[in-house]
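Participant: The following block contains the structure, expressed as structure tokens.
The values are calculated or read from the model by the stated rules, or taken from the named source; none is laboratory data. Remember, predicted model here, so these are calculated numbers, not experimental data. For neighbour counting, all protein chains shown are included, and Cβ atoms are generated from backbone atoms with ideal geometry for every residue, glycine included. Please note that ligands, DNA and RNA were not included when accessible areas were found on the heavy atoms of the full protein model with its side chains. Shrake-Rupley method; radii C 1.70, N 1.55, O 1.52, S 1.80 Å.
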Amino acid sequence: MSYRHLTACTLAAALAASPSSAQPSGFPEADAAAPDPLLPELSIEAPSPFEAGTTLDSHPLRGVRPEVINQILTAEIGGEMAIEALAVPLPGVVGNEPLVALFVEIDGPSFLGHNQADVARVEVYAYALAPAGRVAGYLAEVFAADVGELGEKIWQSGLKFFGALSLAPGQYELRVLARNYQSGAFGFRHINVAVPEPEGEPPAGSIPPPLFPGPTSRDSWLAVRGRSERSQKAFSPYPLVVGDRSISPAARAVLVAGGPAEAYVFDLSLAEVDTTATVKVELFEEGEKGGRVGTSDAELVQAGQELLSVRFVSPEVSPGRYLLRLVIDGKAGLSRVSASVPVVLTGGGSRDRELLWSDLRSLLAGSALRTTPTEVSTESGVVAGGSSKRRSSGRAVRRLAKRYRAALAELREGSFETARVALFELESEVLAGSSQESFKHLRAAELLVAKELIEKDHDLALPILVLHAELGEVYRDRTLFSLAGHARVTVETVAELHAEHGGSLDLTAAALALEAGRLQQARLPAASRRLFARALEHDPDNAAALLGLGASLERYGAYSQAIGFLEQLVAARPDFGQAVLRLAINHLRVGRLGRAQGLLVKIVEGQGGDWVAALACQELARALLIAGDAEGGLLLLETALERMPEQWELRLLLAHIYDRTGRAERSLGELLQVGTSSEQGRGSARYRYDQWPQETLEEARELLAASALRASSRLAEVVVGDGGDAGSEGR
């Protein structure tokens with residue numbers, strides 16, 4: 001028997017055997033429990049995260065659905081909703097049970113991006129698995145979020161759930177699932193937690209994980225307070241307090257590489273700690289085989305009877321995601337090691353301080369202010385004479401412009417890679433200076449050179465566009481946030497300069513649509529729609545922009561608006577299957593069944609065998625079933641399975657219709673042919689439909705890349721020949 005099947009059987013047995021006081025029984029509609037009038041109201045004796053601003057309350061779930069259990073057992077880390085989770089064993093015991101505080105942070109944009117309800121119902125589950133696969137403890141709560149009232153707050157900040165579960169001392173794998181009940185969108189994480197004995201030395205010389213306070217300079221999360229009995233015991237009073245303020249620990253702290261940081265350790269056994277002990281911070285790559293990538297010395301300060309403050313300078317490593325732990329070497333060779341906690345290391349100095357992990361997506365997509373073509377001359381005005389400060393700025397811009405020209409000259413052989421390396425060295429060097437003024441000089445220098453070149457030949461904009469776009473991908477991969485934003489701003493500005501000076505509007509639209517697609521992937525809908533709309537101003541039939549806008553409006557519930565863009569796209573490209581499918585499904589959503597069925601029939605009769613055809617068959621079969629033609633739906637699905645036997649969702653729907661029509665044995669036979677795995681779910685037609693469309697963006701990328709390659713040698717020749725222009729040192 002496989003581990004997955006063993007775990008499933010163990011969980012099923014645990015659910016059946018657990019007493020009603022410890023585990024929900026049965027699987028009804030999993031309604032939230034009403035607040036228990038016998039439980040006291042939460043009484044805060046010290047500052048807590050629930051005192052300021054709006055706080056939502058969650059309530060225990062009375063039942064768990066089978067599909068939720070399946071997700072907990074089989075899902076991979078990830079999901080449509082971005083979440084992070086942190087488990088913190090609380091010092092001592094409450095009553096007779098040791099409690100583990102659970103903090104679950106849900107990214108706002110990805111939550112709203114997969115929500116269609118005015119009042120979203122959000123379920124939070126945490127199941128603790130012991131090494132043998134036994135379920136040792138659980139948490140299951142639900143809360144409601146009024147998107148109409150709180151949407152802006154959720155978008156800006158996200159949601160942070162505070163709950164608790166009881167676990168006996170030992171080692172556990174905690175599987176955490178946050179799920180939108182109405183849409184089915186979810187986020188899933190695995191985290192490890194070590195629960196110490198309530199008294200005496202922690203096992204194996206360990207200490208609890210260091211906790212990093214979240215940002216204090218702004219209202220960072222919309223708090224959701226667990227109202228189960230255990231959660232109230234854990235947070236009344238709020239246990240993690242330093243001086244006169246509470247610590248709301250970051251599920252994934254964001255630190256600046258080479259910058260100062262402070263963490264706290266809460267532990268009863270630290271009352272007599274030797275503050276002269278040698279303390280090191282160790283950083284590891286994420287993953288089972290992640291090696292150590294950096295260390296730094298730390299200072300240990302006794303901040304309270306059960307509280308240590310650990311101050312250190314973060315290791316100088318490349319920006320990225322890591323695991324961090326503490327090692328304390330005390331007297332008599334006693335070494336104590338903390339549990340590891342997830343962190344993000346950023347570059348960029350003070351500009352990237354006070355960040356949440358959920359900010360990173362926005363920064364990777366580009367958070368810099370957009371610079372318009374008309375502003376280029378204004379920014380380049382620092383070259384002119386005047387005060388000593390302006391003259392110094394002018395010299396800085398000229399130096400940077402000269403180096404920028406040298407990077408562009410590397411395109412003489414059509415080698416974008418060599419030019420990209422040279423430009424990376426230039427821009428990362430400026431970033432390392434951590435000066436907003438030097439970053440402004442870089443932007444002015446690059447746009448000044450680009451404007452001069454494009455005025456001579458508008459097609460010289462194309463290799464510049466591709467060069468910065470490709471470099472933007474590198475910055476996003478390396479989490480160099482400021483440079484990623486700079487790359488996006490440069491691409492947008494150069495694209496507009498290309499159109500302004502008579503360049504191909506098709507190519508301008510392609511460049512803008514590509515940047516909009518990157519913003520869409522980063523779940524920044526307003527910014528992506530603006531660029532898609534700008535692309536359509538240049539090329540009204542741009543497929544990438546029409547499909548991108550249609551998919552974005554559909555995802556955010558604006559079905560009628562989505563239909564307008566999709567109708568325009570289908571009129572221009574009637575054989576584009578994904579566009580036809582999205583148009584049909586949106587017509588279904590607004591009740592235009594006749595138009596929708598006609599489009600679905602067109603796809604099915606096309607005899608294609610891809611995911612588009614599979615989903616069209618499913619939607620058409622459902623429509624036939626609703627119309628009372630179950631036999632027609634069965635025939636459609638049976639025929640489709642002969643053509644697409646790998647499309648298991650067709651078989652699942654076929655089993656459903658067999659069951660509905662009283663053929664239970666045939667239904668069971670079909671179900672037995674349907675497996676369960678996370679890979680299967682990711683390959684499903686509905687999963688593919690829910691992803692941001694990429695096909696048209698790839699077409700735009702290929703068109704732009706081919707045009708840029710043709711113009712690259714010409715650009716290098718002009719740059720070399722213009723050595724005495726604004727980029728020269730002596731001008």
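Participant: Shape of the range 438-566 from its Cα gyration tensor (a ≥ b ≥ c, root eigenvalues): rounded if a/c is under 1.5, otherwise prolate when a/b > b/c, or oblate?
Facilitator: Verdict is oblate for the range 438-566.
Participant: Only loop residues by DSSP count here, and only those with at most 13 other Cβ atoms within 10 Å; note down the GluC sites (Glu not before Pro) in the range 117-202 that meet that.
Facilitator: On the way: sites: Glu123, Glu141, Glu149, Glu152, Glu173, Glu199; in loops: Glu199.
Qualifying residues, ordered by number: Glu199.
Participant: Right, next: Assigning unit charges at the beta carbon (Lys, Arg +1; Asp, Glu -1) and nothing else, what dipole magnitude in debye, to the nearest 20, does the range 502-633 show about its Cα centre?
Facilitator: Computed about the Cα centre, the dipole is about 500 debye.
Participant: Follow-up. In terms of the Cα gyration tensor, with a ≥ b ≥ c the square roots of its eigenvalues, is the range 525-650 rounded because a/c is under 1.5, prolate because a/b exceeds b/c, or oblate?
Facilitator: Prolate is the answer for the range 525-650, as a/c is 1.5 or above and a/b outweighs b/c.
Participant: Nearest 0.05, what FRET efficiency do Ala526 and Ala572 give at R0 = 30 Å with Cβ-Cβ as r?
Facilitator: 0.70
Participant: Tell me, what HN-Hα J-couplings in whole Hz come from the Karplus equation 6.51 cos²θ - 1.76 cosθ + 1.60 at θ = phi - 60° for each residue of the range 504-516, using x for Gly and Pro?
Facilitator: Residue by residue, the range 504-516 yields 4, 5, 4, 6, 4, 5, 4, 5, 5, 5, 4, 5, 4 Hz.
Participant: Report the net charge of residues surrounding Val327, where surrounding means a beta-carbon distance below 10 angstrom and charges are Lys +1, Arg +1, Asp -1, Glu -1. Write out the running numbers ahead of the final one.
Facilitator: On the way: positive: Lys280, Arg325, Arg336; negative: Glu282, Asp329.
Net charge around Val327: +1.
Participant: Something else about it: Take Thr639 and Ser560, extend 7 Å from each Cα along the Cα→Cβ direction, and tell me the distance between the two endpoints in nm.
Facilitator: Distance between the two pseudo-spin positions: 3.6 nm.
Participant: Hey, with R₀ at 51 Å, roughly what FRET efficiency would Thr278 and Asp722 work out to, going by the Cβ-Cβ distance, to 0.05?
Facilitator: That gives a FRET efficiency of 0.30.
Participant: I want to check the label-to-label distance for Ala627 and Arg663. Put each point 7 Å from Cα in the C-beta direction and report it in nm to one decimal.
Facilitator: 2.0
Participant: Give me the percent of accessible area attributable to carbon and sulfur for the range 116-192, probe 1.4 angstrom.
Facilitator: Accessible surface attributable to carbon and sulfur in the range 116-192 totals 46 percent.
Participant: Pop out the ³J(HN,Hα) list for the range 144-151 in order, Karplus 6.51 cos²θ - 1.76 cosθ + 1.60 with θ = phi - 60°, rounded to Hz; leave Gly and Pro as x.
Facilitator: Each residue's phi maps through the Karplus curve to give 10, 10, 6, 5, x, 7, 10, x Hz.
Participant: Continuing with this model, one more query. Can you give the extra length, in nm with one decimal, that the chain gains between Gln171 and Glu286 once fully stretched, where that is 0.36 nm per residue apart less the Cα-Cα distance?
Facilitator: On the way: separation 115, 0.36 × 115 = 41.40 nm, distance 1.94 nm.
Stretched fully, the Gln171-Glu286 segment lengthens by 39.5 nm.
Participant: Continuing with this model, one more query. Go through Asp57, Asp575 and list them by solvent-accessible area, largest first, probe radius 1.4 Å.
Facilitator: Most to least solvent-accessible, the answer reads Asp575, Asp57.
Participant: For a Förster distance of 35 Å, can you work out the FRET efficiency between the beta-carbons of Glu429 and Glu702, rounded to the nearest 0.05?
Facilitator: Working from the Cβ atoms, E equals 0.60.
Participant: Something else about it: Extension gain Glu316-Glu299, at 0.36 nm per residue separation less the Cα-Cα distance, in nm?
Facilitator: The Glu316-Glu299 span can extend by a further 4.4 nm.
Participant: With labels modelled as points extended 7 Å from the Cα through the Cβ direction, what inter-label distance (nm, one decimal) is found for Ser335 paired with Ser713?
Facilitator: Going by the 7 Å Cα→Cβ label model, 6.1 nm.
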